[in-house]
Structures are given as structure tokens and as C-alpha cells.
Amino acid sequence: MAKPAPKPYVHPKPTPGNPIVVIETNMGTIEVELFKNKAPISTANFIKYVEAKFYDGTIFHRIKDDFMIQGGGFKEDLTEKAGKFPPIKNEADNGLSNTRGTIAMARTNVVDSATAQFFINVVDNKRLDHRGPGRRFGYAVFGQVIKGMEIADKIKDIPRVNKGGPFLWFPSQMVIIKKVELKK
């Protein structure tokens, strides 16, 4: 039985003054508005990585059609590209929800461990929202897709293969992040 299609995504209009980043992949381009007021730490961190060209040549290494697409931590040869800046404070208690089309910081089980990896929610993932201390702290949303959600959907629909370790939900077709830039 086929999975139901995700709810239609209406690209929101960006708020004037918020930074916009362009994520160019080999499958198309995704534009993301960053919420500098609601998630200032995560936004500043992401921009630091963008300006350092850290994401250029990384991949989306974790995809799940009923969850999210995650990238920014591995190169095409599947070697890890460890964060070059210190981990940041988790801002999941900022009132933003992990709904379809939002971008959030990936992290380990340690609450304040996010560095470079990010994910785009391809469905509503409210279970990732802040619900309290410790393991219930959640994942910090810091922006939303304003153009190109159909590209994220195309990526999420790629069949997966299990390559073990961090590659349990690995796309069978390589999804390369060619470059990420601040839109002028």
C-alpha cells in the first residue's frame, strides 16, 4: 500500500530583515529563511558555517520519507566532516515547532551538542519539539523553507540503503550539497 502524500506545502513569504540561505544540491535548490530573532544562536552558528563554506561538497546522508532529510556532516567519500566550531546551546525552547518545511539543528543525545549538521522536516515532527529537560529538550528549529520544498520532497523519496553506522537511512542516489550561500 502506498504511503499517503505529505500535506501540501505552501511556501511562506520571508520576514523582511531575516537572513536567507540558498542550499544548492545536485537535485535542485532550496531557499531557507533563518529566524534570527527566535533562534539567534542557531542562526549565527549556521551562518558561520555557511560563510566558512563548510557545507560545500557535503551530502544529505540520512533521509526518511516520513521524517526528515539530514546533511552537513559527511563528504561524498562518506568520511565525516566534523564541526569546526564549538557546540552551541540548544534553543529548542524557543517556541518554534518541528513542522513540515522547517530546518533544525541535528545533535547527539547531549542537549547542547549541535555543531554543523542540520535537517529539514519533511513531515510534522512535533515529537522533536521541546517538552522539558534532558532527553525531552528537543531539537532547535531555526528557519523554514521558503522556496524549493519540492526538492526536499524529491530527496526524501529516494530509495534508501542501509550502509550501517550513521548511514542506516542512506539515499541510494548520492545527494550532494554543492554549496550553501547567503542570499544577497
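Each value in this text was obtained by applying a stated rule to the coordinates, not by laboratory testing. Being a predicted model, the structure only gives us computed values, none of them experimental. Methodologically, a virtual Cβ is constructed for each residue, glycine included, from the backbone with ideal geometry; neighbour enumeration extends over all protein chains shown.
Name the long-range amide H neighbours of residue 81: under 5 Å, sequence gap of 5 or more, or other chain; modelled H, no Pro or chain starts.
74, 75
Report the semi-axes of the equivalent ellipsoid for region 1-83 in whole Å, largest first, where each axis is √(5λ) for an eigenvalue λ of the Cα gyration tensor.
23, 22, 11
Kindly state, as a whole number, the per residue volume in cubic angstrom of the convex hull around the alpha carbon atoms of the chain.
Output value, Cα hull per residue: 116 Å³.
State the extension gain, in nm to one decimal, for the chain segment bounded by residue 15 and residue 178, taking 0.36 nm per residue of separation less the distance between their alpha-carbons.
56.1 nm
Let's test the formula: R0 of 30 Å, r as the Cβ-Cβ distance of residue 52 and residue 108. What FRET efficiency results, to the nearest 0.05?
Once the sixth-power term is evaluated, E becomes 0.90.
Which value, in debye to the nearest 20, describes the size of the charge dipole of region 20-182 about its Cα centre when Lys and Arg Cβ atoms bear +1, Asp and Glu Cβ atoms bear -1, and nothing else is charged?
That gives a dipole near 400 debye.
Highest mean first, how do 75-88, 142-155 rank when packing is the count of other Cβ atoms within 10 Å averaged over residues?
Working: 75-88: 12.5, 142-155: 21.4.
Top to bottom by mean Cβ count within 10 Å: 142-155, 75-88.
Return the equivalent ellipsoid semi-axes of region 119-180 as a descending list in whole Å, where each equals the square root of 5 times an eigenvalue of the C-alpha gyration tensor.
24, 18, 11
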